[in-house]
Amino acid sequence: MSGFSAGRAGVLLVLFVLGAGAGAAGALVQGGWFPGGLLLALLGAAGLFHGGARLTRGRSGALAPAAGWVVAVVLLTASRPEGDFLFGAGLGSYVFLLGGMTVAVMCATLGLPRQPPASAARLGK
């Protein structure tokens, strides 16, 4: 998918929404089934970030779900006026927050290697 089009914008929007869903689901799972839920939440986020990069063949495919993930997680970490909150102050919550951000940065910065067009691959032709 090269260039920017309405289709590409739609794909990135869907990836953003999926990232927000993965962040919200991961926030619930990581605390409920520690440590397996934490691993499941981080692997799910990593799969979404990497899959988005491969789908779009670029870094924007990893950045869109990562942005959605960060927005959802930041909104869920804020305490409400009643004093309720979703994240506890345990080790699992911090590993989820920092681990998810680390995975997002890794998937966005490593990127995919650029392949030359098929016609440029053959030098003599």
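General observations
- Potential lengthening of the chain between L75 and F4 amounts to 22.6 nm, from the contour at 0.36 nm per residue minus the alpha-carbon distance.
- Computed E for W33/T109 - FRET, C-beta separation, R0 30 angstrom, nearest 0.05: 0.50
- Per-selection Kirkwood Rh - the range 38-77 (Cα, Å, 1 d.p.): 10.3 Å
- Cα centroids of the range 90-105 and the range 37-57: 14 Å apart.
- Residue order, fewest to most beta carbons within 10 Å, for T56, T77, T109: T109, T77, T56
No value in this document is a laboratory result; all are computed from the given coordinates. Keep in mind that what you see is a predicted model, and the values were worked out from it rather than measured. All Cβ positions, even for glycine, are placed from backbone atoms using ideal geometry, and neighbour counts span all protein chains on display.
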